[in-house]
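Participant: Pasting a structure below so you can have a look.
The values are calculated or read from the model by the stated rules, or taken from the named source; none is laboratory data. These numbers were taken from a predicted model, which means no experiment stands behind them. All Cβ positions, glycine included, derive from the backbone under ideal geometry; neighbour counts span all protein chains shown. Side chains included, ligands, DNA and RNA excluded: accessible areas come from the protein's heavy atoms. Shrake-Rupley method; radii C 1.70, N 1.55, O 1.52, S 1.80 Å.
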Amino acid sequence: MGDLRIRTAGPGDLDAVLAFWKTAAEGTSISDDRDGVARLVARDPQALILAERDGELVGTVIAGFDGWRCHLYRLAVHPDHRRRGIGGALLDAAHERFVRLGGRRGDAMVLDRNERAHHAWRAAGYTPEPQWSRWVRPLGD
């Protein structure tokens, strides 16, 4: 296998990222469409981080920073490439971004039922905070 390349996504990557998430991500989001990802990349061109090996997309993470908090979303590694350090490399890139921006603590959205992800997040130094719950309200139509 070739070397792992970590880079930020650009407008030309949107369709590949959306297709990748259908294979590699756990669950779907209301924002999993071309317009949603295009808005993310346009608003914060450094937020969507990709991992490629031999030109193939093998991992993603969204490292969003709102000026106050560091949020991680869509950490996903292709099933055929898991347990090879790709998730860790993506998180390292996200953490470096957060530190450059002045962030102090990262948080991650992780599905309760995704046990595999729990192990990966714990290995990266994250712990759940049971006193918090995510409250959601869809906007628009």
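Participant: In segment 51-69, which residue that is under 18 Å from Arg97 (Cα atoms) and over 12 Å from the mean Cα position of the chain (by Cα) is surrounded by the most Cβ atoms within 10 Å (Cβ to Cβ)? Full working, then the answer.
Facilitator: Of all residues in segment 51-69, those under 18 Å from Arg97 (Cα atoms) come to 51, 59-69.
Retained after the next criterion (residues that are over 12 Å from the mean Cα position of the chain (by Cα)): 65-69.
Details: Phe65: 19, Asp66: 9, Gly67: 7, Trp68: 9, Arg69: 13.
Of everything passing the filter in segment 51-69, Phe65 is surrounded by the most Cβ atoms within 10 Å (Cβ to Cβ).
Participant: While we're looking at this one, here's another question. Scan segment 91-100 and give yes if some residue there is basic (Lys, Arg), over 23 Å from Ala123 (Cβ atoms) and not in a strand (DSSP E or B), otherwise no.
Facilitator: Within segment 91-100, one or more residues are basic (Lys, Arg), over 23 Å from Ala123 (Cβ atoms) and not in a strand (DSSP E or B).
Participant: Next question, about the same structure. Out of (1) in contact with a strand residue (DSSP E or B) (Cβ under 8 Å, 6 or more places away or on another chain); (2) modelled with pLDDT of 95 or more, the odd one out for Val99 is which?
Facilitator: Unmet for Val99, out of (1) in contact with a strand residue (DSSP E or B) (Cβ under 8 Å, 6 or more places away or on another chain); (2) modelled with pLDDT of 95 or more: (1).
Participant: Suppose the filter is out of contact with any Gly (no Cβ under 6 Å at 6 or more places or on another chain) and assigned to a loop (DSSP other than H, G, I, E, B); does Trp135 pass it?
Facilitator: On the way: out of contact with any Gly (no Cβ under 6 Å at 6 or more places or on another chain): yes; assigned to a loop (DSSP other than H, G, I, E, B): yes.
Judged against the criteria, Trp135 is a match.
Participant: If you check Arg39 against the conditions, is it touching a strand residue (DSSP E or B) at 6+ places or on another chain (Cβ under 7 Å), charged (D, E, K, R) and closer than 19 Å to Thr8 by Cα? If you could, list the steps in order and put the result at the bottom.
Facilitator: Details: touching a strand residue (DSSP E or B) at 6+ places or on another chain (Cβ under 7 Å): no; charged (D, E, K, R): yes; closer than 19 Å to Thr8 by Cα: yes.
Here the answer is no, as Arg39 does not meet what is asked.
Participant: Follow-up. Determine whether segment 111-122 contains at least one residue that is among the aromatic types (Phe, Trp, Tyr) and closer than 24 Å to Ala42 by Cβ.
Facilitator: For segment 111-122, residues among the aromatic types (Phe, Trp, Tyr) and closer than 24 Å to Ala42 by Cβ: absent.
Participant: Within segment 96-115, restricting attention to residues that are under 21 Å from Thr8 (Cα atoms) and without any contact (Cβ under 8 Å) to a residue 24 or more places away in the chain, which residue is least open to solvent (accessible area, probe 1.4 Å)?
Facilitator: It comes out as Gly102.
Participant: Please specify each residue of segment 70-79 satisfying the condition of being open to solvent by less than 50 Å² (accessible area, probe 1.4 Å), of a type outside the set (Gly, Ala, Ser) and in a strand (DSSP E or B). So that I can check it myself, show each step before the final result.
Facilitator: If we filter segment 70-79 for residues that are open to solvent by less than 50 Å² (accessible area, probe 1.4 Å), which is where we start, we get 70-72, 74, 76-78.
From what is left, the residues that are of a type outside the set (Gly, Ala, Ser) are 70-72, 74, 77-78.
Cys70, His71, Leu72, Arg74, Val77, listed by residue number.
Participant: Of the residues Ala93, Ala38, which single one is small (Gly, Ala, Ser) and either in contact (Cβ under 8 Å) with a residue 60 or more places away in the chain or open to solvent by less than 20 Å² (accessible area, probe 1.4 Å) (or both)?
Facilitator: Of the residues listed, the single one that is small (Gly, Ala, Ser) and either in contact (Cβ under 8 Å) with a residue 60 or more places away in the chain or open to solvent by less than 20 Å² (accessible area, probe 1.4 Å) (or both) is Ala93.
Participant: I need a count of the residues in segment 120-141 that are surrounded by 10 or more Cβ atoms within 10 Å (Cβ to Cβ) and within 16 Å of Gly87 (Cα to Cα).
Facilitator: Total meeting the criteria: 6.
Participant: Here is a follow-up. Restricting attention to segment 20-50, and to residues there that are β-branched (Val, Ile, Thr) and over 22 Å from Val136 (Cβ atoms), which single residue is nearest to the chain's Cα centre (by Cα)?
Facilitator: Checking each candidate, the answer is Ile49.
Participant: Would you confirm whether any residue within segment 107-127 is under 17 Å from the mean Cα position of the chain (by Cα) and assigned to a strand (DSSP E or B)?
Facilitator: Within segment 107-127 (the criterion being under 17 Å from the mean Cα position of the chain (by Cα) and assigned to a strand (DSSP E or B)), the answer is yes, since at least one residue qualifies.
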